[in-house]
Amino acid sequence: MSGVWIFKNGVLRLVENPAAESLDGSGGRQGSSARRKVLVHTSSNEVITSYAVLERKLLSLGWERYYDDPDLLQFHIRSTVHLISLPKDFNKFKSMHMYDIVVKNRNAFEVRDM
């Protein structure tokens with residue numbers, strides 16, 4: 001992973017090509033040059049296309065689902081302080097969420113350009 005880490009509104013994210021990226025107010029990419037990222041389960045080479053698929057993979061890795069916040073999907077491993085928090089709507093699942101999952105499951109997932 002190369003690029004520039006940007007801290008904005010309490011969120012740290014990786015900008016892979018800061019010169020080519022144009023940011024809108026929400027921190028998303030604009031323009032036709034933006035490459036879409038996908039989260040891939042490495043052992044099965046399966047692209048994560050829904051939260052149902054992601055939840056099955058995380059549960060098999062020992063993650064437990066939390067139901068405390070109705071606006072978020074949250075997963076936690078008991079033996080660690082790690083918490084994965086995702087927006088309830090899969091359409092709002094961005095690369096920063098993907099990288100959070102990768103960092104906490106280094107050998108199980110990776111982010112790829114589509």
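None of the figures in this text is laboratory data; all of them are computed from the coordinates on show. What you see is a predicted model, and the numbers here were worked out from it, not measured in a lab. With ideal geometry, Cβ positions are generated from the backbone for all residues, glycine too; neighbour counts draw on all protein chains shown.
Here the 3J(HN,Hα) profile of the stretch 93-103, calculated from phi with Karplus coefficients 6.51, -1.76 and 1.60 at θ = phi - 60°, is 6, 10, 4, 5, 5, 4, 5, 4, 5, 4, 4 Hz, Gly and Pro shown as x. For ARG36 and ARG78, FRET efficiency with R0 = 41 Å and r from the beta-carbon atoms, rounded to 0.05? Approximately 0.75, to the nearest 0.05.
Couplings 3J(HN,Hα) of the stretch 83-89, computed from phi: 9, 9, 10, 10, x, 4, 8 Hz, in residue order, whole Hz [Karplus 6.51 cos²θ - 1.76 cosθ + 1.60, θ = phi - 60°; x for Gly and Pro].
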